[in-house]
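Undergrad: The structure's right below; bear with me while I get my questions together.
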There are 2 protein chains.
Amino acid sequence: MNALPQALQPLFAQRLARLRTHMAETGLDACLVFAPEHLRYLFNYSGEAACGLLSARGSWLITDYRFIEQAEEECMHHEWRRGVATELLCRDRQRERLGQVLGRLLADIGASRLAYEAGHVSVSQWAEISADLPGLALVPLSDFLVQARRVKDAWEQQQMRQAAALADAALEALRPEIRLGQSERQLATRLEQLLQDLGSEGLSFPTILGFGPRSALPHSAPSDRPLQKGDLIVLDFGAVVNGYRSDMTRSHVAGTALPWQQRMYDTVSTAQQAALALLKPGVNGRTLNEAASTVLAASEFAEHAGPGLGHGVGLILHEQPFMNTVCEARLRAGEVVTIEPGIYIRGQGGLRIEDDALLLEGGHEILSRAHRDFELAL
Amino acid sequence: MNALPQALQPLFAQRLARLRTHMAETGLDACLVFAPEHLRYLFNYSGEAACGLLSARGSWLITDYRFIEQAEEECMHHEWRRGVATELLCRDRQRERLGQVLGRLLADIGASRLAYEAGHVSVSQWAEISADLPGLALVPLSDFLVQARRVKDAWEQQQMRQAAALADAALEALRPEIRLGQSERQLATRLEQLLQDLGSEGLSFPTILGFGPRSALPHSAPSDRPLQKGDLIVLDFGAVVNGYRSDMTRSHVAGTALPWQQRMYDTVSTAQQAALALLKPGVNGRTLNEAASTVLAASEFAEHAGPGLGHGVGLILHEQPFMNTVCEARLRAGEVVTIEPGIYIRGQGGLRIEDDALLLEGGHEILSRAHRDFELAL
């Protein structure tokens, strides 16, 4: 929970202004926002149980008694250059339905066409809300905000760098502590403690950590399996700084790699480098995916290659673009994407190497800098 | 991630059977389940990105390559006494839409009326899915599963007891470590580490921990504020055991209580006892809420009383019944509810006392046993 620093107010005002331009261009009188990442992106709100309403002139954040003080701390910034504060409304959930509050506000501003985030409200909740909004044209909001969030401004880039650096530091501190006999759960717990101690706001996502055959589970939840000599080890985790997330995977072998393990690691590493070699503004996700998947497909591990290359990352873990065989999205400077090819042999083991990369004019900057040594001397 | 023990299979079979009876009674050919808590309740699945389909004879769990091995580990139990396994489907998300998979399955079973969890699928996702299901009658699923989950069976009660005991033990271990000058964040981090070390599967919810004036925020996220002599301290947190959650709040004062702090504590404590005195099967949530709120309303802190008394807790943190002024739900043996009156004076401080209580025939069992001493000698 943090008040918005004065210096960042222009950034937030710009975001609101861009959305208003989109509203004007598409004939919308108001926008209703539910997604937590968009409440944070537009209003600096990091609580729960809220929605945001935006008109051409005003903005409202509606929550209840549990979060109203947090909203006051975080969101009472003035809309820069306009001198208008976002108005905070504390709804008494027992006395007034959300639709009633919205109906009142929308009538006040004379709205006739409202766009709502249809991907972030359930069928039943929307049925209930919209019953209180008769006579209004209700249309799903386009993916304007999703696309807008792809390109990170200078401040956002700094948060992403810090989140990646925190994850690097946590892994750096963890590695000397890894011992044979430790369970996946013990190691994951220790890693998460290090992330917290280093200042991460929480976990970017539940840590994925698998030993031996369990390393082949792309989303393995840590179990009680102890680390054994020769095991593959996959660690996939991230830190959070001011809401911005990192996402990194490192793969190791406990001791000396067997020849097939080393070949598998080299194949994944080569696939990742093939994609990174093309990573700069203008390239599309399909082309990047192809660069990596061509390497995997030409290897002895072809049938075990994981699908997809990576995804955007920012205020949420998985965001646009999703780089796979059908991704025509062209990358732009300021985007942060993961590049994470992997091979998963069921019952035997898998590995993945994943970095966060920030697109810059003419190239990119790798944000994840943790060591890449495959063999851990244990 | 845990395979379903043989001994629990009859319990899960019973859950499926009860839902099938409901389907037969309400003329449903199939049910489509999205809620994570219901995928766990019916199929023992604890992963993400899945949905479950149930017909009168069969059951299917649909996920993708990331979670299919987890599903195989967790869900391949046979439907007890029927010898039929839940069929697991690994969807290639790039090649086949979820609606296409569902359309195929529903055609195979000759379904004409499908109930879906309208509260757990977004408007846009459902628009996409339902476009692939022409000719089917699509109706929202009633709250049958929500109501079914309220009453915990003997095994579930044991998980709830253990989750509460873990939280007790974590607080017990934390208390001697509390020092003046520690920040809310440091203390919360340490508490969360203790929960993990003691074996909690994760956090029941993000820890709420506030000092001084910040204790008045009902959902305060831990900040860098250091603990000062005389501060009120609110700790609200929980553990998770096999998916089942605990939820407990303890409130303290750092040092000797000022008279108003002690009166506030005594008022909240009396309010809680007033509700607990009536807590047994047959009572409704409104009556319980009234018992506590009458005490609060008669006190000098009337205008600062928090609304609502508590909620059900289980596989999710907040579940039916929600005990407030309009709650007519009658409690039954086997339910677990929180009893958590609170007083919140904005800018000054607040406190809350919260216990999990299991309803038993003729009475209840308090699951949260952590000390209730108000003053901490620091």
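The values are calculated or read from the model by the stated rules, or taken from the named source; none is laboratory data. Keep in mind it's a predicted model, so treat the numbers as computed, not measured. Virtual Cβ from ideal backbone geometry, glycine too; neighbours counted across all protein chains shown. For accessibility, only protein heavy atoms count, side chains too; no ligands or nucleic acids. Shrake-Rupley method; radii C 1.70, N 1.55, O 1.52, S 1.80 Å.
Undergrad: If you build the Cα gyration tensor of segment B:227-302 and take the root of 5 times each eigenvalue, what three semi-axes come out, in whole angstrom, biggest first? Write down the numbers at each step before the final one.
TA: Numbers: eigenvalues 129, 94, 12 Å².
Value: 25, 22, 8 Å, ordered largest first.
Undergrad: Taking B:ALA131 in one copy and the same position in all the others, each labelled 7 Å out along Cα→Cβ, what are the pairwise distances from the first, in nm, shortest first?
TA: Copy-to-copy label distances for B:ALA131: 2.8 nm.
Undergrad: Same structure again: Quick one: P(r) of segment A:278-359 from all Cα-Cα pairs, 5 Å bins, percents rounded to integers, in order of increasing distance.
TA: 3, 16, 26, 24, 16, 10, 4, 1, 0
Undergrad: What is segment B:1-53's relative contact order, in percent, from Cα pairs under 8 angstrom and six or more apart in sequence? Display every interim value, and only then the final one.
TA: On the way: 32 pairs, mean separation 18.3, N = 53.
Over segment B:1-53, the number comes to 35 percent.
Undergrad: Okay, moving on. Let me know the Kirkwood hydrodynamic radius for segment B:336-378, please, with Cα pairs as the basis and the value in Å to one decimal.
TA: Working: mean 1/r = 0.0802 Å⁻¹.
So the Kirkwood estimate lands at 12.5 Å.
Undergrad: Further question on the same structure: Give, ordered by residue number, each residue of segment B:203-225 whose 1.4 Å probe accessible area is reduced by a minimum of 40 Å² on adding the remaining protein chains to the chain alone.
TA: B:LEU217, B:PRO218, B:HIS219
Undergrad: Compare A:GLU69, B:GLU48, A:GLU184 by solvent-accessible area with a 1.4 Å probe and give them largest first, with all protein chains kept in place.
TA: Numbers: A:GLU69 35, B:GLU48 105, A:GLU184 0 Å².
The ordering from most to least exposed comes out as B:GLU48, A:GLU69, A:GLU184.
Undergrad: Read phi for every residue in segment B:245-261 and hand back ³J(HN,Hα) as whole Hz from Karplus 6.51 cos²θ - 1.76 cosθ + 1.60, θ = phi - 60°, with x for Gly and Pro.
TA: 10, 10, 7, 9, 10, 10, 10, 9, 10, 7, x, 8, 6, 6, x, 5, 5
Undergrad: Let me ask you something else. What is the interface area between chains A and B, defined as buried accessible area summed over both chains with a 1.4 Å probe, reported in Å² to the nearest 100?
TA: Working: alone 16340 and 16290 Å², together 29280 Å².
For chain A against chain B, roughly 3300 Å² becomes buried.
Undergrad: Determine the residues within segment B:300-318 where the difference in accessible area between the chain on its own and the full set of protein chains amounts to at least 40 Å²; count protein heavy atoms only and use a 1.4 Å probe.
TA: Flagged in segment B:300-318: B:PRO307.
Undergrad: Please work out how much accessible surface B:THR63 shows to a 1.4 Å probe, ignoring ligands, DNA and RNA, in Å² rounded to 10.
TA: 0 Å²
Undergrad: Given N residues in segment B:1-56, what is its alpha carbon radius of gyration divided by 2.2 N^0.38 Å?
TA: For segment B:1-56, the normalised Cα radius of gyration is 1.16.
Undergrad: Shortest first, in nm, what separates the label point of A:ALA154 from those of the same position in the other copies (7 Å along Cα→Cβ)?
TA: 6.8
Undergrad: Another question, then. In whole Hz, with x marking every Gly and Pro, tabulate ³J(HN,Hα) for segment A:293-304 from phi via Karplus 6.51 cos²θ - 1.76 cosθ + 1.60, θ = phi - 60°.
TA: 6, 5, 5, 5, 5, 7, 9, 5, 9, 3, 6, 9
Undergrad: Here's another thing I want to ask about it. Convert each backbone phi in segment A:220-234 into a coupling constant with the Karplus relation 6.51 cos²θ - 1.76 cosθ + 1.60 (shift: θ = phi - 60°), then list the ³J(HN,Hα) values in order as whole Hz, x for Gly and Pro.
TA: Values per residue, Gly and Pro as x: 5, 7, x, 10, 8, 4, x, 6, 10, 4, x, 4, 6, 10, 10 Hz.
Undergrad: Once the whole set of protein chains is in place, how much accessible area is left on B:SER46, using a 1.4 Å probe, in Å² to the nearest 10?
TA: Roll a 1.4 Å probe over it and B:SER46 shows about 50 Å².
Undergrad: While we're on this one: Cross-link candidates for A:LYS280: which lysines have Cα within less than 29 Å, leaving aside residues fewer than 8 places away along the same chain?
TA: A:LYS152
Undergrad: Oh, and also: So what is Rg over Rh here for segment B:6-148, counting just Cα atoms and using Kirkwood for Rh?
TA: Values: Rg = 14.1 Å, Rh = 15.2 Å.
Over the Cα atoms of segment B:6-148, Rg/Rh equals 0.93.
Undergrad: Got a number for the accessible area of A:ILE129? Probe 1.4 Å, square angstrom, nearest 10.
TA: Here the residue's solvent-accessible area equals roughly 10 Å².
Undergrad: Still on this structure, I have one more. Given 10 Å bins starting at zero, what is the percent of C-alpha pairs of the protein assembly as shown in each, up to the one with the largest pair distance?
TA: 3, 13, 22, 27, 23, 11, 2, 0
Undergrad: Grab the eigenvalues of the alpha-carbon gyration tensor for segment A:151-376, scale each by 5, take roots, and send me the semi-axes largest first in whole angstrom. Before the final figure, lay out the partial values.
TA: Working: eigenvalues 139, 101, 33 Å².
Gyration-tensor ellipsoid for segment A:151-376: 26, 22, 13 Å.
Undergrad: Let me ask something else about it. What is the sum of charges, Lys and Arg at +1 and Asp and Glu at -1, for the other residues whose Cβ falls under 10 Å from the Cβ of B:ALA297? Don't jump to the answer; show the numbers that get you there.
TA: On the way: positive: none; negative: B:GLU290, B:GLU303.
Taking every other residue near B:ALA297 into account, the sum is -2.
Undergrad: Hey, another quick one. Between the label point of B:PRO10 and that of the same position in each other copy, find the distances and list them shortest first in nm, with every label point placed 7 Å from Cα along the Cα-to-C-beta direction.
TA: Label point to label point, same position, other copies: 7.2 nm.
Undergrad: At each listed q (0.08, 0.09, 0.15 Å⁻¹), what is the log10 of I(q)/I(0) that the Debye formula gives for chain A modelled as equal alpha-carbon point scatterers?
TA: Here the Debye-derived log intensity ratios amount to -0.48, -0.59, -1.23.
Undergrad: Would you mind telling me the share, in percent, of accessible area of the protein assembly as shown contributed by carbon and sulfur at probe 1.4 angstrom?
TA: Working: 15120 of 29280 Å².
Ligands and nucleic acids excluded, carbon and sulfur give 52 percent.
Undergrad: Considering the Cα positions of segment B:117-259, please state its Rg to one decimal place and its Dmax as a whole number of Å.
TA: Over segment B:117-259's Cα set, Rg and Dmax evaluate to 20.7, 70 Å.
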